[in-house]
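Note sheet for the following structure.
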């Protein structure tokens, strides 16, 4: 069991000292809590920023009259373990898969892994900062983040601003700065805004007018702009993440099910309108029909996995990477190099680390102290997990080639840094989770007999106000 501080849990969403009128000692608990917070040198929630946040959280003004301190504990160390292990494996495998190719191109074996190390350091700093920052303050940034994400996705499509690589304008180059992928930032911005918006709407998300239609209007700009690049893989990750958050928030099941075939029809329409996407589907169905062109990457990836066997050929001994026969060996198909050099066991370890991250991430979502935290944790976990599943599915020929990276492992500074920052937000939520009796022992306020989510609205008692259960 995690260690909890001696400070009392705050009454978020209800006035301090909320007892019936005339009851004995009605205001003493509030005064005592405020005195303890002030004695511990803890700042009260009195600033304009705090007042704005309190109004968004539905916390009455009376609750801001005294200093309150949330009860925080250690973050989920298993999440930290999984992410640090995946990042370390990624740096090692980026070097192993790119050293020969980098030496042939520039006589510098660190040409690819060097920038990856720099981005990893920046990502770790971002993780530490976001882990220490109260995740509720992201609600104040939700609208600016969303607007910035849309603006960046528009800029990347402008001639002379966006960098076109392989027929896709995915990168944004500003002067001498390294190129960045705005779609990675858009994932985090969308998750934050959706979590805030749905927490504000409460049970109204189940309605068509106040739930489904506004949700589609929020998601559509980002999906269409990323699709315009074109980047169907990232579009799929964004859509899966958004619809998962919508479902968790309590979307109407029938309306949700109607959207699924509509979305699939849209995907097929996009594929048919792009000849290169049609070639990828054909290569997925039968890569040996064109082994030297559209099927080359799939065949070489499967060959690398086959050469690895059970225990692998050893670090740095990849034949397809050293022989320069596997395109994007350090990026989209880095899992194939892991399978070749570390074998089936190494691949299972990587998959197990992602499974551990997913399990702990959804546990944090279930135990989050408020609705915003629960939806935010669910969105971040879904985003990273879905992207990992799609990437690994591509390598093992279960999914057509999409061109998305393997989180924390593939070469790519934007993906690595943003993913680590998102994990920091997840860890911030985990520092305030409520103890549970079991992994799915959610509060009564968050589910009923129909198993639908119950979202607290303004003026209603927040989940954080409920006393923790004893395990």
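The values are calculated or read from the model by the stated rules, or taken from the named source; none is laboratory data. All values derive from a computational prediction rather than experimental measurement. Here the Cβ positions follow ideal geometry from the backbone for every residue, glycine too, while neighbour counts run over all protein chains shown.
Remarks
- In region 106-125, residue nearest to the chain's Cα centre (by Cα) [restricted to those that are under 18 Å from residue 77 (Cα atoms) and surrounded by fewer than 21 Cβ atoms within 10 Å (Cβ to Cβ)]: 124
- The numbered conditions (1) without any contact (Cβ under 8 Å) to a residue 12 or more places away in the chain; (2) out of contact with any helix residue (DSSP H, G or I) (no Cβ under 7 Å at 6 or more places or on another chain); (3) over 20 Å from residue 383 (Cβ atoms); (4) in a helix (DSSP H, G or I) are all true for residue 159 except (4).
- Test: residue in region 246-261 that is surrounded by 13 or more Cβ atoms within 10 Å (Cβ to Cβ), under 25 Å from residue 405 (Cα atoms) and without any contact (Cβ under 8 Å) to a residue 40 or more places away in the chain: no
- Restricting 116, 69 to residues that are at pLDDT below 95, out of contact with any strand residue (DSSP E or B) (no Cβ under 9 Å at 6 or more places or on another chain), farther than 20 Å from residue 380 by Cβ and in a loop (DSSP other than H, G, I, E, B) narrows the list to 69.
- Residues in region 145-152 include none that are under 24 Å from residue 407 (Cβ atoms), within 19 Å of the chain's Cα centre (by Cα) and exposed (fewer than 14 other Cβ atoms within 10 Å of the Cβ).
- Scanning region 404-417 for residues that are crowded, with 24+ Cβ neighbours inside 10 Å and in a helix (DSSP H, G or I) gives 415, 416.
- The condition of being farther than 30 Å from residue 87 by Cβ and modelled with pLDDT under 95 holds for only one of 177, 227, 133, 213, that being 213.
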